[in-house]
Number of protein chains: 2
Amino acid sequence: MTQEPRYRRIAEELRHAITEHAYGPGGKLPSEGALAEQYEVSRGTIRQALMLLRQDGLVTSRRGTRRVVLDDAPVQDFAQMQSFARWARSIGESPEGRVIRQGWHLPDADEQRHLRGEPDARVLRVLRLRLLSGQPAMLERTTYPEAVGTIVENLATDTVSVTEFLERAGVFVADAEHTIDLARADREDAALLGCAAGDPLLRERRRSTDPAGVPLEWSEDRYVPGSVAFVVHNSLASTPMTRHHMVPQGGSVLWSR
Amino acid sequence: MTQEPRYRRIAEELRHAITEHAYGPGGKLPSEGALAEQYEVSRGTIRQALMLLRQDGLVTSRRGTRRVVLDDAPVQDFAQMQSFARWARSIGESPEGRVIRQGWHLPDADEQRHLRGEPDARVLRVLRLRLLSGQPAMLERTTYPEAVGTIVENLATDTVSVTEFLERAGVFVADAEHTIDLARADREDAALLGCAAGDPLLRERRRSTDPAGVPLEWSEDRYVPGSVAFVVHNSLASTPMTRHHMVPQGGSVLWSR
DNA sequence: AAATCGAAGTTGTATGGCCAACACCTAGTT
DNA sequence: AACTAGGTGTTGGCCATACAACTTCGATTT
């Protein structure tokens, strides 16, 4: 009943120790060999654990020197990035959301390309409004391929987390590509988000696939500016992505957690 | 004189084979064992190579099945993401840029926090305008700590790539954190970018550190909307980030490369 | 005082092996 | 026809070892 592999649990312990400032910041981690002895595992397992921390931007790694603890990095795992609800809860918000409209359609060219569907396969389009602290924060236009749509369509309209529901149904997101740019609010955006038509919005387009590479959703999200920023951390080895909450305060901008 | 480790060179070969559609998309890669035989290395080395491809979103990996080739992913390495000039060249543009203003200052609170500097250490502030196809595309306000600033300050004002120069000087970026959100053009932005004051711009704030975790730069870049979008690919394993060029065309938007 | 050399410590690369977990197909059973 | 059980192929997790490449620091030499 161990479930989680050893190297992940070790990474978790080390991450905790680091965020509790047991070493740094700027401090040096024990050597791989020392950690291996301490945890009674081989050096390879320790290296796997440290690889995870390096990917999260928590520690450096250079040949010849011990690893150095970096300044507190925004640590959020993939699951949190993938799910708006999960992310919101992690920053202490109680997310809300409701379906504005949904229905089956024939896919347009965009949807066919991103969902790799046959032209005659139906897709489910869902328009969902997301709130933070009761305020409209994001509008989500998602298209699901038929297989996923049949699961999603019967959800209650105020379901907070579609992702978590899909996971319980055995649908797991393994891979996603996000494109971030700027868009202008159309009349519908304006009405639902409480801004004016033509106002600039932060747009995130997302395509998610399952572990086998099969497309699971194609979505265009529009965020009210000032409510959210995207944070990407990349090292030579790799890069987790996070969504950050902004708290306007007296003209300047602070970051929560 | 081999220089590059074996697993990297194998990854490079496999990447080539994949983008040449030797297997997919949707096709299955040979098994780790088969590849190990083919390249005459151990399975572990093959696994390291495949790890790189997985991180770039080129292939999946699931216990029990062979790896599957995903649809063409935007492949750009960290070096390209880090350098505007390098990125621009990779999409076939000839980047230009020039320094508008630069000078030594005492760091403000923000700069002290991000550059971890002592309050009395000087910092070099540089305002640089970047062009794509001769058009203003981005305005870059960068602050360098003293050590880096002394190298940068003597550059010709029309140097295309500061990053590449720094690399030749032995300064390497190993780690960066990007925050992407929306900003409004102030009067200076408007004058230099050729837009109106108050116009929305895509903002990227970036903090880069060297392999030891020492801050190398703190920058705020403002992009003219429609010229650039940010692409982040994340899998359960990790996430490279890329910058994408947008080509407006007849009201809709297409993607180059 | 400055430069050179060398030893110790540390991470990176690579090998080889073993078993567990999982996907997939087949043959057999119900 | 549907379901079950098992076998095979494949990737994930973990171990033990060896050497290479690099950093750091102290001692020696210049």
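The values are calculated or read from the model by the stated rules, or taken from the named source; none is laboratory data. What you are looking at is a predicted structure, and each value in this text was computed from that prediction instead of being measured. Quick reminder, even Gly has a Cβ in these numbers, built from the backbone with ideal geometry, and neighbours come from all protein chains shown.
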Item to check | Filtered residues of segment A:34-56 (kept if within 8 Å of DNA strand D (Cβ to nearest atom) and within 12 Å of chain B (Cβ to nearest Cβ)) | outcome: A:GLY44, A:GLN48
Checklist entry - For residues in segment A:15-33 being in a helix (DSSP H, G or I) and within 14 Å of DNA strand D (Cβ to nearest atom), which is farthest from the other protein chains (Cβ to nearest Cβ)? => result A:GLY33
Checklist entry - Being within 11 Å of DNA strand D (Cβ to nearest atom) and at pLDDT 90 or above, is that true of even one residue in segment A:67-83? => result yes
Checklist outcome for this item: For segment A:13-58, the count of residues that are within 12 Å of DNA strand C (Cβ to nearest atom) and among the small types (Gly, Ala, Ser) equals 7
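Please tell me if B:ARG9 is over 20 Å from B:SER90 (Cβ atoms) and away from DNA strand D (no atom under 13 Å from the Cβ). Explain how you work it out, then say what you get.
Working: over 20 Å from B:SER90 (Cβ atoms): yes; away from DNA strand D (no atom under 13 Å from the Cβ): yes.
It is true that B:ARG9 is over 20 Å from B:SER90 (Cβ atoms) and away from DNA strand D (no atom under 13 Å from the Cβ).
Yes/no matrix, rows are residues, columns are (1) buried (at least 21 other Cβ atoms within 10 Å of the Cβ); (2) under 12 Å from A:LEU182 (Cβ atoms); (3) assigned by TED's automatic domain parsing to the domain that holds B:HIS114:
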| residue | (1), (2), (3) |
| --- | --- |
| B:ALA190 | no, no, yes |
| B:LEU193 | yes, no, yes |
| B:LEU202 | yes, yes, yes |
| B:VAL214 | no, no, yes |
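Among the residues that make up segment A:189-208, is at least one of them among the polar types (S, T, N, Q), in a strand (DSSP E or B) and within 9 Å of another protein chain (Cβ to nearest Cβ)?
no
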Checklist entry - Quick one: would you say A:GLN102 is more than 20 Å from B:HIS233 (Cβ to Cβ) and free of Cβ contacts under 8 Å to residues at least 40 places away in the same chain? => result no
Item to check | Qualifying positions in segment A:34-58 - assigned to a loop (DSSP other than H, G, I, E, B) and either hydroxyl-bearing (Ser, Thr, Tyr) or under 21 Å from B:SER235 (Cα atoms) (or both) | outcome: A:SER42, A:ASP56, A:GLY57, A:LEU58
